[in-house]
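*Asks:* Mind looking over this structure? Questions follow.
Throughout, read-outs are computed from the coordinates displayed, never taken from laboratory work. The shown structure was predicted, so the numbers you read here are calculated from the model rather than taken from an experiment. As a convention, Cβ positions derive from the backbone with ideal geometry for all residues, glycine included, and neighbour counts pool all protein chains shown.
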Amino acid sequence: MLPGILSLSTLAIFIALSFWKPVFAAYLTIAFSAYWLFKTAYLSIHLRHNLKRVLHNLELDWDKRLENISHSHIVHLVIFPFYDEEYEVLAESIRGILASRWDPSTIAVVLAAEERAGERALATAKKVQQEFGQRFFACEVTYHPSGIPGEMPGKGSNISYAAEEARRLILDPRSIPYENVLVSAFDVDTVVYPQYFSCLTWHYLTAENPLRSSFQPIPLYNNNIWHAPILARVMAYSSSFWQMVQQERPEKLATFSSHAVSFRALHDAGYWQRNIVSEDSRIFWNLLVRYDGDYQVVPLAYPVSMDANVAPTFWGTVKNIYLQHRRWTYGAENIAYILFAFLHNPRIPLTKKLRFAFFQLEGFWSLATHPIILFAVGWLPLFVGGDAFNSTVLSHNLPTIARAFLTLAMLGLVASAGYSMYLMPKRPAEYTRFKNAMMIAQWLLVPITMVVFTAIPGIDSQIRLMLGRYLGFWVTPKVRITPIKIPAPAKV
Amino acid sequence: MMRPLSPRRRRFYLFALTALFFISVPAALLYSSGYRYKSGFGLVKTGGIYLSVPYDDAVVSMNGEEIGTTRFLNKSFYIDDLAPSMYAVHVEREGDHPWYRTLVVEPQLVTRAEVVLIPESPEVIRLTRGGTTGSTTRSLSATLYDSYLKAFATAATSTEIRKSGTTLAATIVGGDVYVHWTDEERVPQDNFCAKPSSCVQSFLVEDGPQNSYSVSFFGEGVVYATRQGGIFFSEIDVRRTPVSVALYPRANADVRVVDDRLIIKDGNALYQIESF
């Protein structure tokens, strides 16, 4: 309820000021535009540094770095929860693992099908298991029963069931210590880059406290990026860039989408929560509370590749992007959990509680309100401020000054356009250089996408949480317009 | 191996950008409110002039200095950074009466004016009931012609018009033409204000020796008929010097505005003055 109240009251105050105190509202708009400029600059510095790290880490020989570290005891458990995605989506992800430089004989794969998706999903999993299973240390198909009391149908309940099945079928029979098992919880379309497992293993073995850490790769949506429509591309890279910025601010980082964690920690926490939408970020909060605040996310600065959100039609894509971002921004549901847990766990240091609570509240408040203030509500005084306001120098200067700040902030977008080209896989032969130009020009859409696909879904989610109109888990459809190749970023 | 941004560097960036924010915001707020630094005077509050010139190729000057020429896509001028004072604005275009206005600029306020250019020789066309259209005559259907004639059957000593969300009224009292700002809830527009902070509800548009007997709103002003001098157009503006020109200088002619057309009746004949 709190995020919704904060966001709606911010917008309401802004609108009320525009009518009754337009001068004050205009001052706020100018100050806010300046804040946006400097915030963009601050984030851009982080993004640029992270880009350099990612490119560096992609070039680095992680196997060589592991040479002097004992790592033969490490088992990678990769779980692919899925719903009704087609065989090709799942198969590509498995091929990605096999094409990586890590020995598959130390990797266990769990294909987590759901009963509610029907026999076809099970058949898909079994087909993949049959085709690729023997190349792995183990490959199990789990079949999450529907209708288990206390569960919400969705990824959280499915992947938790799969993790427990993996313990029962793979780890315990072989007496593998949970501390030696690194679980990669992947979305079904996650294709690893060649050194993902090496990079992850190195970070796990060198982490200050590996059993009190989750490991976060950068989700790039490169699988189908060249085939995705313009809106999908902008949103995909915007999401990736946000994660890259967060990677340089680990104190603000929570797990998101595909992530990794030791089986020890996972088992201690009772796996992912089964009755919520945002199980990917909630697991971090579960673990933070479970270990009395002694838990962190280690940024890998190494990517995994996933699908940009694409539907067969333009409007279908628009709808899917909206629904996907509504699901992501529904992560505001964590706030109530965090505050409740913080209130009831005196062992977590107060400063840590305050810091995390502030970061979370500020994050969801700003994503829902800032774009709307900057690109819509902030200009209201000009239209509703009345004759007296319209005859002031301030009303004439408001658009000029605010626009100047926002135009300068657009330099951040220009930088983003450049950065995206570094991370993009090689252009397929069927596209001309014009497509490259479009990949740059697409960033002009950001002011629109920020409002339509970030702020509005954010407000939508927060209102739902306020009113108790809770969301179920919406499965992002994975549509493959053309088959993918293992992604490789462009060389610097 | 490349390390993440160190907390120290991050703190440096944060402090540097925060400092820039706290420096730039007050500066931006002062600037946007009209504050300017003037050598010898320190920080002074300035005002501005917003001039709307809905014509192409009009040359705009202020205090004798040319500011610019209007073009198809550039028909307004915002002149800011003006010290509070009086400014003589002059707009001229070939073939039109020049437009002069003395505008008072006050601190932190914008003085607005809309330029009205009247042709030096407005085209007068005689209207006929049927017949043929020539270079100085226009043939109208009997119905239309009769509707124009009918408009003159009733007196026009007062009129109202809805403009910019408010109602303006024009009345003739003792042979003089007054315009009124009827909406007491709203601050009058700039043309009712000698300076932005000092506005009137009504003022005289024509107070000369001539006796007016009919008045109508037309374009950005009023047209009125006088017993001595014929038909006049005057701009509605309390500031000096509003445009006032004789459109049809023949005594006892009368005028009406019908369907936005300026119709003149002189004896039994009807004329139309082309729009401007």
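*Asks:* Quick one: Debye curve from the alpha-carbon atoms of the protein assembly as shown only, equal weights, vacuum; give me log10 I(q)/I(0) at q = 0.06, 0.07 Å⁻¹ to two decimals.
*Replies:* Values returned for q = 0.06, 0.07 Å⁻¹ are -0.55, -0.67.
*Asks:* Ranked by Cβ crowding within 10 angstrom, fewest neighbours first, how are B:255, B:115 ordered?
*Replies:* With the sparsest Cβ surroundings first, the list reads B:115, B:255.
*Asks:* Quick one: which of A:327-336, B:187-196, B:23-32 comes out on top by average Cβ neighbours within 10 Å, and what's the full order, highest first?
*Replies:* Packing order, densest peptide first, comes out as A:327-336, B:187-196, B:23-32.
*Asks:* Treating the angle as unsigned and between 0 and 90°, give the value, to the nearest 10°, between the Cα long axis of helix A:279-290 and the longest Cα principal axis of chain A.
*Replies:* 80 degrees
*Asks:* Under 5 Å between amide H atoms, partner at least 5 residues away or on a different chain: which partners does residue B:189 have, H built in plane at 1.01 Å?
*Replies:* Under 5 Å from the amide H of residue B:189: no residue qualifies.
*Asks:* Could you pull out the pairs from A:319/A:352; A:21/B:45; A:39/B:45; B:38/B:75; A:21/B:195; A:126/A:155 whose alpha carbons sit more than 27 Å apart here?
*Replies:* In this structure, A:319/A:352; A:39/B:45; B:38/B:75 lie more than 27 Å apart at Cα.
*Asks:* Under 5 Å between amide H atoms, partner at least 5 residues away or on a different chain: which partners does residue B:270 have, H built in plane at 1.01 Å?
*Replies:* B:127
*Asks:* Just need the Rg to Rh number for region A:1-82, please, alpha carbons only, Kirkwood Rh.
*Replies:* 1.33
*Asks:* Taking only DSSP H segments of four or more residues, each worth -39500 (n - 2.57), what value at 222 nm results for chain B once the sum is divided by all its residues, to the nearest 500 deg cm²/dmol?
*Replies:* -4500 deg cm²/dmol
*Asks:* Could you work out the mean count of beta carbons from other protein chains within 10 Å of each residue's beta carbon in A:52-62?
*Replies:* 1
*Asks:* Using 5 Å bins from zero, what percent of all Cα-Cα pairs in region A:71-315 falls into each bin?
*Replies:* Once binned at 5 Å, the Cα pair distances of region A:71-315 give 1, 7, 14, 19, 21, 19, 12, 6, 2, 0, 0.
*Asks:* Sorted from fewest to most neighbouring beta carbons within 10 Å, what does the list B:199, A:199 look like?
*Replies:* Arranged by neighbour count, lowest to highest, B:199, A:199 become B:199, A:199.
*Asks:* In a shell of Cβ-Cβ distance under 14 Å around residue A:4, excluding residue A:4 itself, what net charge do Lys and Arg (+1) and Asp and Glu (-1) give?
*Replies:* Net of charged neighbours comes to +1.
*Asks:* Angle, helix A:314-329 long axis vs. longest principal axis of chain A, Cα atoms, 0 to 90°, nearest 10?
*Replies:* 80 degrees
*Asks:* Same structure again: For a distance above 33 Å, tell me the whole-number percent of Cα pairs in chain B that qualify.
*Replies:* 39 percent
*Asks:* Let me ask something else about it. Kindly state, to the nearest 0.05, the FRET efficiency for residue B:147 paired with residue A:470, given R0 = 60 Å and r defined as their beta-carbon distance.
*Replies:* E between residue B:147 and residue A:470, to the nearest 0.05, is 0.35.
*Asks:* Follow-up question, since we're still on this one. Pop the C-beta distance of residue B:72 and residue A:148 into the FRET formula with R0 = 56 Å and round what comes out to the nearest 0.05.
*Replies:* Plugging the Cβ-Cβ distance into 1/(1 + (r/R0)^6) gives 0.20.
*Asks:* Follow-up. Excluding residues fewer than 8 places away in the same chain, name every one of the lysines whose C-alpha is closer than 22 Å to that of residue A:426.
*Replies:* Partners within reach: A:52, A:435, A:478, A:485, A:491.
*Asks:* Once the mean 1/r over all distinct Cα pairs of region B:42-114 is inverted, what Kirkwood radius in angstroms do you read off?
*Replies:* By the Kirkwood definition, the hydrodynamic radius is 12.6 Å.
*Asks:* If you don't mind, another one. P(r) for region A:41-173: what percent of alpha-carbon pairs falls in each 5 Å bin, starting at zero?
*Replies:* Going out from 0 Å in 5 Å bins, region A:41-173 shows 2, 9, 16, 17, 15, 12, 11, 9, 6, 2, 0 percent.
*Asks:* Rg and Dmax in Å for region A:120-236, alpha carbons only: what are they?
*Replies:* 17.0, 50
*Asks:* Please compute the Kirkwood hydrodynamic radius of region B:47-204 from all pairs of different C-alpha atoms, in Å with one decimal.
*Replies:* Across region B:47-204, the inverse of the average 1/r is 18.9 Å.
*Asks:* Over all residues in A:399-406, what is the mean tally of Cβ atoms on other chains that come within 10 Å of each residue's Cβ?
*Replies:* Taking the mean over all residues of the peptide, I get 2.
*Asks:* Mind listing P(r) for region B:1-40? All alpha-carbon pairs, 5 Å bins, whole percents.
*Replies:* Taking every Cα pair in region B:1-40, the percentages come to 6, 19, 14, 15, 12, 10, 8, 7, 5, 3, 2, 0.
*Asks:* When the Kirkwood radius is taken over all Cα pairs of region B:124-273, what Stokes-Einstein diffusion coefficient follows at 25 °C and 0.890 mPa s, in µm²/s?
*Replies:* Diffusion coefficient, whole number: 152 µm²/s.
*Asks:* Starting from the Cα of residue A:9, step 7 Å toward the Cβ, then list every residue of region A:362-396 with an amide N under 15 Å from that point.
*Replies:* It comes to A:362, A:365-366, nothing else.
*Asks:* Rounded to the nearest 500, what is chain A's calculated 222 nm mean residue ellipticity when only DSSP H runs of at least 4 contribute -39500 (n - 2.57) each, over all residues?
*Replies:* Mean residue ellipticity, 222 nm, calculated: -18000 deg cm²/dmol.
*Asks:* Given a Förster radius of 30 Å and the C-beta distance between residue A:359 and residue A:448 as r, what FRET efficiency does 1/(1 + (r/R0)^6) yield to the nearest 0.05?
*Replies:* The pair residue A:359/residue A:448 has a calculated efficiency of 0.65.
*Asks:* In region A:226-262, whose amide N lies under 18 Å from the spot 7 Å out along Cα-to-Cβ of residue A:432? List them in ranges.
*Replies:* Answer for this model: A:227.
*Asks:* Do any cysteines in the protein assembly as shown lack another Cys Cβ under 4.7 Å, and if so which?
*Replies:* Among the cysteines of the protein assembly as shown, those whose Cβ sits 4.7 Å or more from every other are A:139, A:199.
*Asks:* Could I ask something else about it? Under the 0.36 nm per residue contour assumption, what length would be gained going from the current alpha-carbon distance of residue B:39 and residue B:12 to full extension?
*Replies:* 6.2 nm
*Asks:* Which of the chymotrypsin sites (Phe, Trp or Tyr not before Pro) found in region A:374-428 are in a DSSP loop and have at most 15 neighbouring Cβ atoms, other than their own, within 10 Å?
*Replies:* Hits after loop and neighbour filter: nothing returned.
*Asks:* Neighbouring Cβ atoms within 10 Å as the yardstick, rank B:220, A:59, A:115 fewest first.
*Replies:* Ranked by crowding around the Cβ, least crowded first: A:59, A:115, B:220.
*Asks:* What's the angle, to the nearest 10 degrees (0 to 90), between helix B:7-32's Cα axis and the longest principal axis of chain B?
*Replies:* For B:7-32 against chain B, the angle is about 30 degrees.
*Asks:* Order A:125-135, A:244-254 from most to least packed using the mean count of other Cβ atoms within 10 Å.
*Replies:* Top to bottom by mean Cβ count within 10 Å: A:244-254, A:125-135.
*Asks:* Something else about it: How long is the gain from residue A:421 to residue A:64 if the chain were fully straight, where each residue apart is worth 0.36 nm and the alpha carbon distance is subtracted?
*Replies:* Full-extension gain reported as 125.7 nm.
*Asks:* Residues of region A:248-277 with amide nitrogen under 13 Å from the 7 Å Cα-to-Cβ point of residue A:179?
*Replies:* Output list for this probe position: A:263-265.
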